[in-house]
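No lab work stands behind these numbers, since they all come straight from the coordinates. These figures come from a predicted structure and were not determined experimentally. Here the Cβ is made from the backbone with ideal geometry for all residues, glycine too, and neighbour counts use every protein chain on show.
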Amino acid sequence: MSKTHASVPGPGRGWHRTDSGHAAGGADNRRMQIQEKPPFDTPFEWIGGEDKIRAMVERFYDLMELEPKYADLRAAHGPSLDNARERLAWFLTGWMGGPQHYTERFGHPRLRARHMPFPIGIKERDQWLACMDQAMGETGVPEALRARLRDSFFQTADWMRNKGV
């Protein structure tokens, strides 16, 4: 048996469900499929909308400023986080299937190009991921969605690396 699963959109990808059937056993080798619809049509709906995304982003940047374990990540962001807070909230809102605030203002995100001036290695990637995971946990992102977001965030953050270590 298989389960339908949903993947969180990443740059250029949409929320989608995939099905695959496996032999269910028995002498006649019949195939059976079980479909489990995600609880919501988009991650935006699942997380609770724009206010929830903004709260998660606010906590992410608060943690970056407060937690010594994210000091290198914080140092890469310059003296003020105000612009970063707003842009990340706009980006994630659209990325998760909500209003396209970021693209309406700035066009295509061009994530890698926009981050190229900043050295991003494994340490920076891992601090970003840990900080975001902590923020998701502290703002009550449902665990099943949090797991999907962690996977998508890892793929994107790893793709953004522009230095070896």
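Which of the aspartates and glutamates could be linked to Lys163 by a straight reach, that is with a Cα gap under 14 Å, when you skip same-chain ones fewer than 8 residues away?
The reachable aspartates and glutamates, counting only those whose Cα sits under 14 Å from Lys163, are Glu124, Asp126.
Through the Karplus equation 6.51 cos²θ - 1.76 cosθ + 1.60, θ set to phi - 60°, convert the phi angles of the range 83-94 into ³J(HN,Hα) values in whole Hz; use x for Gly and Pro.
Result, ordered by residue: 5, 5, 4, 5, 5, 5, 4, 4, 4, 5, 4, x Hz.
Spelling out what I want: for every residue of the range 121-137, take phi, set θ = phi - 60°, compute 6.51 cos²θ - 1.76 cosθ + 1.60 (Karplus), and round to whole Hz; glycine and proline get x.
So the J values, rounded to whole Hz, are x, 4, 4, 5, 4, 5, 5, 4, 5, 5, 5, 5, 5, 4, 4, 4, x.
Test of understanding: what is the full-extension gain from Glu138 to Thr42, defined as 0.36 nm times their sequence separation minus their Cα-Cα distance? Mind dumping the intermediate values first?
Values: separation 96, 0.36 × 96 = 34.56 nm, distance 2.14 nm.
Length difference between fully extended and current span is 32.4 nm.
Can you compute the label reach from Ala147? Point 7 Å from Cα along the Cβ direction, backbone N cut-off under 20 Å, restricted to the range 35-76.
Zone members listed by number: 35-48.
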